[in-house]
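Trainee: Got a structure for you, written out below as structure tokens; questions coming shortly.
Coordinate-derived values only; no laboratory data. These figures come from a predicted structure and were not determined experimentally. Glycine gets a Cβ as well: all are built from the backbone with ideal geometry, and neighbour counts include every protein chain shown.
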Amino acid sequence: VHGALEAVEWQTVVSERVPETSAEEELVPVRKSQHHSEHERRETTITPDNLHQLTVRKRDFGELVGLKTFWREATNEYLDQRYIQAFYNFFFIIEGLFAPGRSGARALTDALQSSAELKDITERTLVQGRATLTHWDSIDSHYQEYECESDALGTLEMLVKIRGTLHHFAPAGPRSRIHPFAQEDFETIAWLARGLSTHALMMRDRAMPHP
């Protein structure tokens, strides 16, 4: 039916074999198989005290409310392996905290690189990535492609350039590889943006006055 397709579950692959004769049936012991790939989802426990504090302090959270909605959406996208969309939402948090109101790649890069807090967060996230991620080496191709150093300042410059690249599409040339089938190419980049935004939010939350 025209227009009946509602969604494609990219992370789920189903294989089905249909034998056409009784002889073929004996050769196909497994007719149908399914493979589902996603990151582990961790359950979060909300205690009565947590709920009470959220209610009492809701006005204290201020700008963090909007930023954390981006984090929630980005995390869900990341867990579903939609890394391009996840990167965007994580980057909105970085942009909102460290470069509010900036427009243009140069102004945005300068604002991010001038933050000592973000530079420190980036350095620690890079150390963590190199030590824990099996796919970390894939980020080298991004540093080379965007002609950026692999240190904290170069990483922030690279993220701004990637943000600009992912915002556009062309059927030919380098941008032709930015499409839903290329999500895997941006896993490490999304992880990096996730680390920066998560650490930044945690530091903002800890800096808030607690009763």
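Trainee: Pull up the cross-link candidates among the aspartates and glutamates for LYS161, meaning alpha carbon to alpha carbon under 16 Å and not fewer than 8 places away within one chain.
Mentor: GLU95, ASP110, ASP140, GLU145, GLU147, GLU149, ASP151, ASP185
Trainee: Placing +1 at every Lys and Arg Cβ and -1 at every Asp and Glu Cβ, with all other atoms neutral, what dipole size does segment 41-148 have around its Cα centre, in debye to the nearest 20?
Mentor: Values: 13 positive and 16 negative charges, 88 e Å.
Here segment 41-148 has a charge dipole of around 420 debye.
Trainee: Taking H as built 1.01 Å from N, whose amide H comes closer than 5 Å to the amide H of GLN81, not counting residues under 5 places away?
Mentor: HIS39
Trainee: Within 12 Å, Cβ to Cβ, of ASP140, how many net charges do the neighbouring residues add up to if Lys/Arg are +1 and Asp/Glu are -1? Intermediate results must be reported in sequence, preceding the final value.
Mentor: Details: positive: ARG130; negative: ASP137, GLU145, GLU149.
Net charge around ASP140: -2.
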